[in-house]
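This report concerns only the one structure given below.
The values are calculated or read from the model by the stated rules, or taken from the named source; none is laboratory data. Bear in mind that the values here come from a model prediction, so they are computed numbers and not experimental data. Cβ atoms come from the backbone with ideal geometry, glycine included; neighbour counts cover every protein chain shown. Heavy atoms of the whole protein, side chains included, go into the accessibility calculation; ligands, DNA and RNA do not. Shrake-Rupley method; radii C 1.70, N 1.55, O 1.52, S 1.80 Å.
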Amino acid sequence: MHLDLEDLSFDRGGALLVKRALRLASPGEAITVCGKASDLSIHLRAWCRAEGHEYRWSDEAAGGCGAIIRGPAATERWSGAERAGRADPVTAGAIVEHPPQRWGLAARGALVESGAPDFHFTLADKVQVWSPDAVRIYAQAAAAQWDPATAIPWDAEFDLPGEVEDALVQIMTYLVENEMAALIVPSRFLAQLHPHFREVMQVLAIQAADEARHVEIFTRRALLRRPEPGLSTAGGQASLQTLVDEPDFATASFLLSVLGEGTFLSLLRFLERFAPDPITAAVCRLAAQDEARHVAFGMSHLREHIDAEPSLRDSLGNAVRRRHEELRHTAGLNAEVFDALVLIAAGSWEPADIRRGHDAVAALTQDMHASRKKRLIRLGFDDSEAEELSSLHTRNFM
(Lines give C-alpha, C1' and ligand atoms only; values in the text may rest on other atoms or scores of the structure.)
Protein backbone atom coordinates (compact mmCIF):
# COMPACT_ATOMS: atom_id res chain seq x y z
CA MET A 1 0.00 0.00 0.00
CA HIS A 2 1.39 3.39 -0.99
CA LEU A 3 0.38 6.75 0.56
CA ASP A 4 1.54 10.08 -0.88
CA LEU A 5 1.00 13.03 1.49
CA GLU A 6 2.32 15.47 -1.13
CA ASP A 7 3.15 18.70 0.77
CA LEU A 8 0.81 17.94 3.71
CA SER A 9 2.78 17.86 6.96
CA PHE A 10 2.20 15.12 9.50
CA ASP A 11 1.08 17.51 12.24
CA ARG A 12 -1.46 19.34 10.05
CA GLY A 13 -3.58 16.39 8.98
CA GLY A 14 -1.08 13.93 7.58
CA ALA A 15 -1.38 11.77 10.70
CA LEU A 16 -5.06 11.20 9.94
CA LEU A 17 -4.24 9.75 6.51
CA VAL A 18 -1.46 7.56 7.93
CA LYS A 19 -3.79 6.16 10.58
CA ARG A 20 -6.44 5.42 7.96
CA ALA A 21 -3.94 3.56 5.79
CA LEU A 22 -2.74 1.48 8.74
CA ARG A 23 -6.31 0.53 9.67
CA LEU A 24 -6.59 -1.07 6.24
CA ALA A 25 -3.35 -3.04 6.73
CA SER A 26 -2.93 -6.26 8.69
CA PRO A 27 -0.41 -6.61 11.56
CA GLY A 28 3.05 -7.19 10.02
CA GLU A 29 2.04 -5.67 6.68
CA ALA A 30 4.03 -2.64 5.42
CA ILE A 31 2.80 0.59 3.88
CA THR A 32 4.96 3.24 2.26
CA VAL A 33 4.45 6.89 3.10
CA CYS A 34 5.91 9.63 0.88
CA GLY A 35 5.76 13.38 1.19
CA LYS A 36 7.53 16.67 0.59
CA ALA A 37 7.23 18.12 4.10
CA SER A 38 10.73 18.65 5.48
CA ASP A 39 9.94 17.28 8.94
CA LEU A 40 7.89 14.27 7.83
CA SER A 41 10.59 11.72 8.74
CA ILE A 42 10.98 13.16 12.26
CA HIS A 43 7.25 13.05 12.93
CA LEU A 44 6.79 9.57 11.49
CA ARG A 45 9.69 8.14 13.48
CA ALA A 46 8.42 9.55 16.78
CA TRP A 47 4.83 8.59 16.12
CA CYS A 48 5.67 5.01 15.11
CA ARG A 49 7.79 4.54 18.22
CA ALA A 50 4.91 5.74 20.42
CA GLU A 51 2.32 3.60 18.60
CA GLY A 52 4.40 0.42 18.43
CA HIS A 53 4.99 0.30 14.65
CA GLU A 54 8.33 -0.50 12.97
CA TYR A 55 9.65 2.38 10.86
CA ARG A 56 12.23 2.66 8.05
CA TRP A 57 13.06 5.80 6.03
CA SER A 58 14.93 6.31 2.73
CA ASP A 59 15.71 9.73 1.20
CA GLU A 60 15.05 10.37 -2.45
CA ALA A 61 15.67 13.32 -4.75
CA ALA A 62 12.01 14.30 -4.93
CA GLY A 63 11.47 13.98 -1.19
CA GLY A 64 11.42 10.92 0.97
CA CYS A 65 9.52 7.70 1.58
CA GLY A 66 9.18 5.72 4.73
CA ALA A 67 8.08 2.17 5.28
CA ILE A 68 5.80 1.52 8.23
CA ILE A 69 5.28 -2.06 9.32
CA ARG A 70 2.09 -2.23 11.32
CA GLY A 71 2.69 -3.51 14.82
CA PRO A 72 0.25 -5.43 17.04
CA ALA A 73 -0.22 -2.63 19.61
CA ALA A 74 -3.37 -1.19 18.11
CA THR A 75 -5.03 -4.60 18.08
CA GLU A 76 -3.73 -5.61 21.49
CA ARG A 77 -5.01 -2.36 22.98
CA TRP A 78 -8.57 -3.66 22.53
CA SER A 79 -7.93 -7.16 23.83
CA GLY A 80 -10.21 -7.64 26.79
CA ALA A 81 -12.60 -4.93 25.57
CA GLU A 82 -16.28 -5.75 25.86
CA ARG A 83 -19.45 -4.61 24.16
CA ALA A 84 -21.72 -2.70 26.56
CA GLY A 85 -24.96 -4.39 25.58
CA ARG A 86 -26.64 -3.21 22.40
CA ALA A 87 -27.79 0.26 21.41
CA ASP A 88 -31.29 -0.74 20.34
CA PRO A 89 -33.22 -1.60 23.52
CA VAL A 90 -35.50 -4.09 21.74
CA THR A 91 -32.55 -6.19 20.50
CA ALA A 92 -32.10 -9.46 22.40
CA GLY A 93 -29.53 -8.95 25.15
CA ALA A 94 -29.43 -5.18 24.67
CA ILE A 95 -30.23 -4.42 28.33
CA VAL A 96 -28.07 -6.55 30.60
CA GLU A 97 -29.18 -7.54 34.08
CA HIS A 98 -26.12 -6.20 35.93
CA PRO A 99 -24.07 -3.73 33.83
CA PRO A 100 -20.52 -3.53 35.22
CA GLN A 101 -19.48 -0.31 36.91
CA ARG A 102 -16.47 -0.17 34.54
CA TRP A 103 -18.87 0.51 31.66
CA GLY A 104 -19.37 3.85 33.33
CA LEU A 105 -20.57 6.60 31.00
CA ALA A 106 -20.04 4.63 27.80
CA ALA A 107 -22.90 4.71 25.33
CA ARG A 108 -24.84 1.46 25.46
CA GLY A 109 -23.54 -0.73 22.67
CA ALA A 110 -20.09 0.87 22.63
CA LEU A 111 -16.90 -1.21 22.79
CA VAL A 112 -15.46 -0.44 26.22
CA GLU A 113 -11.67 -0.60 26.54
CA SER A 114 -10.25 -2.76 29.31
CA GLY A 115 -8.89 -0.75 32.22
CA ALA A 116 -11.64 1.88 32.34
CA PRO A 117 -12.27 3.13 35.89
CA ASP A 118 -15.07 1.77 38.03
CA PHE A 119 -17.92 4.18 38.73
CA HIS A 120 -20.24 3.96 41.72
CA PHE A 121 -23.82 3.97 40.43
CA THR A 122 -26.03 2.54 43.17
CA LEU A 123 -28.99 1.79 40.87
CA ALA A 124 -27.18 -0.70 38.66
CA ASP A 125 -29.53 -3.68 38.42
CA LYS A 126 -32.08 -4.00 35.64
CA VAL A 127 -34.78 -5.32 37.94
CA GLN A 128 -34.59 -2.17 40.08
CA VAL A 129 -35.30 0.37 37.37
CA TRP A 130 -36.07 -0.99 33.92
CA SER A 131 -39.36 -0.70 32.11
CA PRO A 132 -39.87 -1.75 28.48
CA ASP A 133 -42.24 1.23 28.24
CA ALA A 134 -39.47 3.74 29.01
CA VAL A 135 -38.68 4.28 25.32
CA ARG A 136 -42.32 5.00 24.46
CA ILE A 137 -42.97 7.16 27.52
CA TYR A 138 -39.89 9.30 26.89
CA ALA A 139 -40.83 9.79 23.23
CA GLN A 140 -44.34 10.84 24.26
CA ALA A 141 -42.97 13.19 26.90
CA ALA A 142 -40.49 14.81 24.52
CA ALA A 143 -43.21 15.35 21.93
CA ALA A 144 -45.65 16.77 24.49
CA GLN A 145 -43.42 19.43 26.04
CA TRP A 146 -45.08 22.85 26.25
CA ASP A 147 -43.92 26.38 26.91
CA PRO A 148 -45.53 28.06 29.95
CA ALA A 149 -45.18 31.45 28.28
CA THR A 150 -47.33 30.51 25.28
CA ALA A 151 -49.42 27.48 26.30
CA ILE A 152 -51.29 29.34 29.05
CA PRO A 153 -53.47 32.42 28.35
CA TRP A 154 -51.84 34.63 30.99
CA ASP A 155 -53.44 37.77 29.52
CA ALA A 156 -57.00 36.42 29.66
CA GLU A 157 -59.47 38.83 31.25
CA PHE A 158 -61.37 37.69 34.34
CA ASP A 159 -62.72 39.18 37.55
CA LEU A 160 -63.00 37.11 40.73
CA PRO A 161 -64.25 38.02 44.19
CA GLY A 162 -61.34 38.69 46.52
CA GLU A 163 -61.99 35.64 48.71
CA VAL A 164 -62.14 33.35 45.70
CA GLU A 165 -58.80 34.70 44.49
CA ASP A 166 -57.37 34.18 47.97
CA ALA A 167 -58.62 30.59 47.93
CA LEU A 168 -56.89 29.99 44.60
CA VAL A 169 -53.67 31.49 45.93
CA GLN A 170 -53.77 29.05 48.87
CA ILE A 171 -54.38 26.07 46.58
CA MET A 172 -51.56 27.13 44.26
CA THR A 173 -49.22 27.54 47.23
CA TYR A 174 -50.07 24.02 48.33
CA LEU A 175 -49.48 22.70 44.80
CA VAL A 176 -46.08 24.39 44.60
CA GLU A 177 -44.64 22.65 47.66
CA ASN A 178 -46.01 19.28 46.57
CA GLU A 179 -44.55 19.70 43.08
CA MET A 180 -41.25 20.72 44.63
CA ALA A 181 -41.11 17.34 46.37
CA ALA A 182 -42.01 15.65 43.08
CA LEU A 183 -39.09 17.51 41.47
CA ILE A 184 -36.56 16.54 44.12
CA VAL A 185 -37.31 12.81 44.27
CA PRO A 186 -36.59 11.84 40.62
CA SER A 187 -33.68 14.29 40.48
CA ARG A 188 -32.03 12.55 43.44
CA PHE A 189 -32.35 9.07 41.94
CA LEU A 190 -31.32 10.23 38.47
CA ALA A 191 -27.74 10.76 39.64
CA GLN A 192 -27.62 7.22 41.07
CA LEU A 193 -28.77 5.43 37.92
CA HIS A 194 -26.33 3.44 35.78
CA PRO A 195 -26.18 5.10 32.31
CA HIS A 196 -26.71 1.68 30.72
CA PHE A 197 -30.40 2.33 31.44
CA ARG A 198 -30.35 5.58 29.49
CA GLU A 199 -34.03 5.54 28.54
CA VAL A 200 -34.97 5.45 32.22
CA MET A 201 -32.54 8.30 32.86
CA GLN A 202 -34.23 10.28 30.12
CA VAL A 203 -37.68 9.61 31.58
CA LEU A 204 -36.58 10.76 35.05
CA ALA A 205 -34.86 13.83 33.59
CA ILE A 206 -37.91 14.92 31.63
CA GLN A 207 -40.10 14.15 34.65
CA ALA A 208 -37.96 16.54 36.71
CA ALA A 209 -38.26 19.12 33.93
CA ASP A 210 -42.04 18.69 34.00
CA GLU A 211 -42.15 19.30 37.74
CA ALA A 212 -39.92 22.37 37.45
CA ARG A 213 -42.38 23.75 34.92
CA HIS A 214 -45.31 22.98 37.25
CA VAL A 215 -43.60 24.85 40.07
CA GLU A 216 -43.26 27.80 37.71
CA ILE A 217 -46.87 27.91 36.53
CA PHE A 218 -48.43 27.34 39.96
CA THR A 219 -46.22 30.08 41.41
CA ARG A 220 -47.08 32.42 38.57
CA ARG A 221 -50.82 31.81 39.00
CA ALA A 222 -50.53 32.38 42.76
CA LEU A 223 -48.82 35.74 42.22
CA LEU A 224 -50.99 36.85 39.33
CA ARG A 225 -53.22 39.04 41.51
CA ARG A 226 -51.49 38.84 44.90
CA PRO A 227 -48.00 39.93 46.01
CA GLU A 228 -47.28 36.83 48.11
CA PRO A 229 -48.26 33.13 48.15
CA GLY A 230 -50.38 31.59 50.91
CA LEU A 231 -49.67 29.36 53.91
CA SER A 232 -47.39 26.32 54.27
CA THR A 233 -48.22 24.07 57.20
CA ALA A 234 -45.98 21.90 59.36
CA GLY A 235 -48.14 18.84 58.69
CA GLY A 236 -47.85 19.26 54.95
CA GLN A 237 -44.09 19.62 55.16
CA ALA A 238 -43.84 16.54 57.40
CA SER A 239 -45.81 14.47 54.89
CA LEU A 240 -43.60 15.53 51.99
CA GLN A 241 -40.41 14.97 53.98
CA THR A 242 -41.20 11.25 54.14
CA LEU A 243 -41.08 11.24 50.33
CA VAL A 244 -37.92 13.29 50.01
CA ASP A 245 -36.09 11.17 52.60
CA GLU A 246 -37.10 7.75 51.22
CA PRO A 247 -33.81 6.05 50.20
CA ASP A 248 -35.20 3.16 48.15
CA PHE A 249 -36.02 3.81 44.49
CA ALA A 250 -38.90 1.33 44.21
CA THR A 251 -40.51 2.54 47.43
CA ALA A 252 -40.10 6.20 46.53
CA SER A 253 -41.59 5.57 43.07
CA PHE A 254 -44.51 3.72 44.63
CA LEU A 255 -45.28 6.37 47.24
CA LEU A 256 -44.73 9.31 44.89
CA SER A 257 -45.88 8.21 41.44
CA VAL A 258 -48.45 5.48 42.09
CA LEU A 259 -50.08 6.88 45.22
CA GLY A 260 -49.16 10.57 45.42
CA GLU A 261 -49.15 11.72 41.81
CA GLY A 262 -51.99 9.36 41.02
CA THR A 263 -54.03 11.11 43.71
CA PHE A 264 -52.95 14.49 42.35
CA LEU A 265 -54.34 13.54 38.95
CA SER A 266 -57.80 13.49 40.52
CA LEU A 267 -57.11 16.81 42.26
CA LEU A 268 -55.89 18.57 39.11
CA ARG A 269 -58.86 17.37 37.09
CA PHE A 270 -61.17 18.58 39.88
CA LEU A 271 -59.51 22.00 39.80
CA GLU A 272 -59.76 22.17 36.02
CA ARG A 273 -63.45 21.32 36.22
CA PHE A 274 -64.24 23.96 38.86
CA ALA A 275 -61.65 26.55 37.80
CA PRO A 276 -63.19 30.04 38.10
CA ASP A 277 -60.95 31.49 35.38
CA PRO A 278 -59.35 30.27 32.12
CA ILE A 279 -55.79 30.59 33.40
CA THR A 280 -56.36 28.24 36.34
CA ALA A 281 -58.11 25.77 34.04
CA ALA A 282 -55.18 25.74 31.59
CA VAL A 283 -52.58 25.44 34.34
CA CYS A 284 -54.30 22.42 35.87
CA ARG A 285 -55.05 20.74 32.53
CA LEU A 286 -51.45 20.92 31.33
CA ALA A 287 -50.02 19.77 34.67
CA ALA A 288 -52.40 16.78 34.72
CA GLN A 289 -51.27 15.86 31.21
CA ASP A 290 -47.69 15.55 32.47
CA GLU A 291 -48.59 13.81 35.73
CA ALA A 292 -50.41 11.06 33.84
CA ARG A 293 -47.10 10.06 32.21
CA HIS A 294 -45.33 10.05 35.57
CA VAL A 295 -47.94 7.68 36.96
CA ALA A 296 -47.70 5.48 33.85
CA PHE A 297 -43.94 5.08 34.21
CA GLY A 298 -44.17 4.37 37.94
CA MET A 299 -46.76 1.67 37.31
CA SER A 300 -44.80 0.18 34.43
CA HIS A 301 -41.43 -0.25 36.11
CA LEU A 302 -42.99 -1.40 39.40
CA ARG A 303 -44.97 -4.11 37.59
CA GLU A 304 -41.72 -5.32 36.02
CA HIS A 305 -39.98 -5.26 39.40
CA ILE A 306 -42.80 -7.06 41.19
CA ASP A 307 -43.00 -9.72 38.46
CA ALA A 308 -39.29 -10.41 38.97
CA GLU A 309 -39.37 -10.12 42.77
CA PRO A 310 -42.89 -10.80 44.12
CA SER A 311 -41.72 -10.12 47.68
CA LEU A 312 -41.42 -6.44 46.75
CA ARG A 313 -45.22 -6.16 46.94
CA ASP A 314 -45.12 -6.87 50.69
CA SER A 315 -42.33 -4.33 51.16
CA LEU A 316 -44.35 -1.66 49.39
CA GLY A 317 -47.43 -2.39 51.48
CA ASN A 318 -45.38 -2.13 54.65
CA ALA A 319 -43.94 1.19 53.45
CA VAL A 320 -47.47 2.62 53.27
CA ARG A 321 -48.24 1.40 56.78
CA ARG A 322 -44.93 2.74 58.08
CA ARG A 323 -45.52 6.14 56.52
CA HIS A 324 -49.05 6.26 57.94
CA GLU A 325 -47.70 5.53 61.41
CA GLU A 326 -45.06 8.26 61.08
CA LEU A 327 -47.70 10.82 60.08
CA ARG A 328 -50.59 9.78 62.32
CA HIS A 329 -50.03 12.72 64.69
CA THR A 330 -49.99 15.31 61.88
CA ALA A 331 -53.02 17.23 60.69
CA GLY A 332 -52.85 15.98 57.09
CA LEU A 333 -54.49 18.27 54.55
CA ASN A 334 -54.56 21.72 56.12
CA ALA A 335 -57.94 23.29 56.78
CA GLU A 336 -57.11 26.30 54.60
CA VAL A 337 -56.66 24.10 51.52
CA PHE A 338 -59.79 22.07 52.26
CA ASP A 339 -61.88 25.20 52.76
CA ALA A 340 -60.41 26.71 49.58
CA LEU A 341 -61.40 23.61 47.58
CA VAL A 342 -64.95 23.82 48.94
CA LEU A 343 -65.22 27.50 48.03
CA ILE A 344 -63.82 26.99 44.52
CA ALA A 345 -66.31 24.16 43.90
CA ALA A 346 -69.17 26.20 45.41
CA GLY A 347 -68.49 29.38 43.47
CA SER A 348 -70.22 31.54 46.06
CA TRP A 349 -70.98 31.88 49.79
CA GLU A 350 -74.65 30.95 49.42
CA PRO A 351 -75.48 28.06 51.78
CA ALA A 352 -76.83 25.87 49.00
CA ASP A 353 -73.69 26.46 46.93
CA ILE A 354 -71.41 25.74 49.89
CA ARG A 355 -73.28 22.48 50.48
CA ARG A 356 -72.77 21.56 46.82
CA GLY A 357 -69.09 22.52 47.04
CA HIS A 358 -68.60 20.43 50.17
CA ASP A 359 -70.26 17.45 48.51
CA ALA A 360 -68.00 17.90 45.47
CA VAL A 361 -64.87 17.78 47.65
CA ALA A 362 -66.21 14.69 49.43
CA ALA A 363 -66.78 13.09 46.05
CA LEU A 364 -63.22 14.06 45.08
CA THR A 365 -61.75 12.18 48.05
CA GLN A 366 -63.83 9.13 47.14
CA ASP A 367 -62.61 9.33 43.54
CA MET A 368 -59.02 9.58 44.81
CA HIS A 369 -59.54 6.48 46.95
CA ALA A 370 -61.15 4.49 44.13
CA SER A 371 -58.39 5.41 41.67
CA ARG A 372 -55.63 4.50 44.15
CA LYS A 373 -57.32 1.17 44.82
CA LYS A 374 -57.50 0.36 41.09
CA ARG A 375 -53.79 1.07 40.65
CA LEU A 376 -52.93 -1.08 43.65
CA ILE A 377 -54.95 -3.97 42.26
CA ARG A 378 -53.14 -3.58 38.93
CA LEU A 379 -49.88 -4.05 40.86
CA GLY A 380 -51.17 -7.36 42.22
CA PHE A 381 -52.57 -6.39 45.63
CA ASP A 382 -55.79 -8.21 46.45
CA ASP A 383 -59.00 -6.24 46.94
CA SER A 384 -58.91 -6.09 50.74
CA GLU A 385 -55.26 -5.05 50.95
CA ALA A 386 -55.73 -2.47 48.20
CA GLU A 387 -58.67 -1.07 50.16
CA GLU A 388 -56.56 -0.91 53.33
CA LEU A 389 -53.51 0.66 51.74
CA SER A 390 -55.49 3.26 49.84
CA SER A 391 -57.26 4.21 53.07
CA LEU A 392 -53.90 4.61 54.83
CA HIS A 393 -52.51 6.99 52.19
CA THR A 394 -51.65 10.39 53.62
CA ARG A 395 -54.54 12.83 53.99
CA ASN A 396 -52.26 15.45 52.47
CA PHE A 397 -52.92 13.66 49.11
CA MET A 398 -49.26 13.50 47.90
Answer with yes or no whether THR122 is of a type in the set (S, T, N, Q) and either surrounded by 13 or more Cβ atoms within 10 Å (Cβ to Cβ) or in contact with a His (Cβ under 9 Å, 6 or more places away or on another chain) (or both).
yes
Among the residues of segment 251-272, is any among the charged types (D, E, K, R), more than 22 Å from the chain's Cα centre (by Cα), in a helix (DSSP H, G or I) and more than 30 Å from LEU123 (Cα to Cα)?
yes
Residue pairs meeting the criteria (Cβ under 8 Å; at least 6 apart or on separate chains; first polar (S, T, N, Q), in segment 364-382; second modelled with pLDDT of 95 or more and in a helix (DSSP H, G or I))
SER371/GLY262; SER371/THR263; SER371/LEU265; SER371/SER266
Restricting attention to segment 136-160, which residues are crowded, with 17+ Cβ neighbours inside 10 Å and among the hydrophobic types (A, V, I, L, M, F, W, C)?
ILE137, ALA141, ILE152
Looking at segment 200-222, I want the residues that are under 21 Å from ARG136 (Cα atoms) and have a partner that is open to solvent by 10 Å² or more (accessible area, probe 1.4 Å) and outside any helix (DSSP H, G or I) with Cβ atoms under 7 Å, at least 6 apart or on another chain. Which pairs are those?
VAL200/TRP130
Positions within segment 273-300 being touching a residue at least 60 places away in the same chain (Cβ under 8 Å), closer than 22 Å to THR150 by Cα and among the hydrophobic types (A, V, I, L, M, F, W, C), in sequence order
ALA275, ILE279, ALA282, VAL283, LEU286, ALA287
Within segment 46-65, is even one residue over 50 Å from the mean Cα position of the chain (by Cα) and at pLDDT 90 or above?
yes
In segment 221-234, what residues are part of a helix (DSSP H, G or I) and crowded, with 17+ Cβ neighbours inside 10 Å?
ARG221, ALA222
So VAL164, is it touching a helix residue (DSSP H, G or I) at 6+ places or on another chain (Cβ under 8 Å), within 23 Å of ARG108 (Cβ to Cβ) and among the hydrophobic types (A, V, I, L, M, F, W, C)
no
Of the residues in segment 184-197, those that are crowded, with 19+ Cβ neighbours inside 10 Å and part of a helix (DSSP H, G or I) come to VAL185, PRO186, PHE189, HIS196, PHE197
Of the numbered conditions (1) under 28 Å from LEU193 (Cβ atoms); (2) touching a strand residue (DSSP E or B) at 6+ places or on another chain (Cβ under 9 Å); (3) of a type outside the set (Gly, Ala, Ser); (4) open to solvent by 80 Å² or more (accessible area, probe 1.4 Å), GLU54 satisfies every one except a single condition; which is it?
(1)
Please state which of the following conditions GLN145 fails to meet, knowing it meets all the rest: (1) of a type outside the set (Phe, Trp, Tyr); (2) under 24 Å from the mean Cα position of the chain (by Cα); (3) in a helix (DSSP H, G or I).
(3)
Exactly one of ALA81, ALA73, ALA107, ALA92 is surrounded by fewer than 16 Cβ atoms within 10 Å (Cβ to Cβ) and under 20 Å from the mean Cα position of the chain (by Cα), and that residue is ALA107
Consider only pairs whose beta carbons are under 9 Å apart and that are at least six residues apart or on different chains; among these, list those whose first residue lies in segment 151-179 and is small (Gly, Ala, Ser) and whose second residue is modelled with pLDDT under 95 and open to solvent by 10 Å² or more (accessible area, probe 1.4 Å).
ALA167/GLU336
